[in-house]
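The values are calculated or read from the model by the stated rules, or taken from the named source; none is laboratory data. Because the structure is a prediction, the values reported are computed rather than measured. Note that we place each Cβ from the backbone using ideal geometry, even for glycine, and neighbour counts take in every protein chain shown.
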């Protein structure tokens, strides 16, 4: 069953990646072009020659972006399917669609929303080259803390459900998660490297587009995989599989 769910998760991830690419191309790429234009203008003002393009901008914004997002979606879809296979039947009484939707919501919040609240996405021209390593490490540290807090909160809520009920234990788990991530955000250092003169509108639109692209990916993943898992795990499908095996 795990193999079948893994294949379905990767297929759902590919579909999610295609839709996320369409969203990114429509709403994100125009902001990237504006940011690149600002960066080139700053180079001219400083009398510096622009860095040579290893890959043309047209390729980056089309086939390059599509390839990257689809591969990312397939990988996330595979991990999503394996996680679903582990938690299905262990948390609550949700069916395949409900569990897939809950898992997609949890993944989107823990992996995307919370880290981007502390360290939001930035377009080109923002950030010093010398601090790329530090900024990347901080972002992944926030992501790791968010995931650890989410897993711990879910485990704690599951244990408390027997004594306090599912609703009360869920509220306690959510409160515990929020408290941990709030403490992590307070402890981790801030990063603010927006250059003077950079358009606040462009920055805001880029960050909204980045978050929107991820929302499209996770919503599609949850809905598509939930549908695939529903038919794979439905009693009728299991009866058909047993009948097919008996005829071999």
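Here is how the numbers come out for the structure above:
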read-out: Scope segment 24-46; condition under 22 Å from residue 224 (Cβ atoms) and surrounded by fewer than 18 Cβ atoms within 10 Å (Cβ to Cβ); matching residues; value: 25, 26, 27
read-out: Subset of segment 131-165 [under 22 Å from residue 107 (Cβ atoms) and not in a helix (DSSP H, G or I)]; value: none
read-out: Count - residues of segment 160-189 that are under 18 Å from residue 146 (Cβ atoms) and either in contact with a strand residue (DSSP E or B) (Cβ under 8 Å, 6 or more places away or on another chain) or without any contact (Cβ under 8 Å) to a residue 12 or more places away in the chain (or both); value: 7
read-out: Residue within segment 119-141 that is under 19 Å from residue 94 (Cα atoms) and without any contact (Cβ under 8 Å) to a residue 40 or more places away in the chain present; value: no
read-out: Pick from segment 197-206, criterion part of a helix (DSSP H, G or I) and surrounded by fewer than 17 Cβ atoms within 10 Å (Cβ to Cβ), ranking: nearest to the chain's Cα centre (by Cα); value: 204
read-out: All positions within segment 94-120 that are at pLDDT 90 or above and assigned to a loop (DSSP other than H, G, I, E, B); value: 119, 120
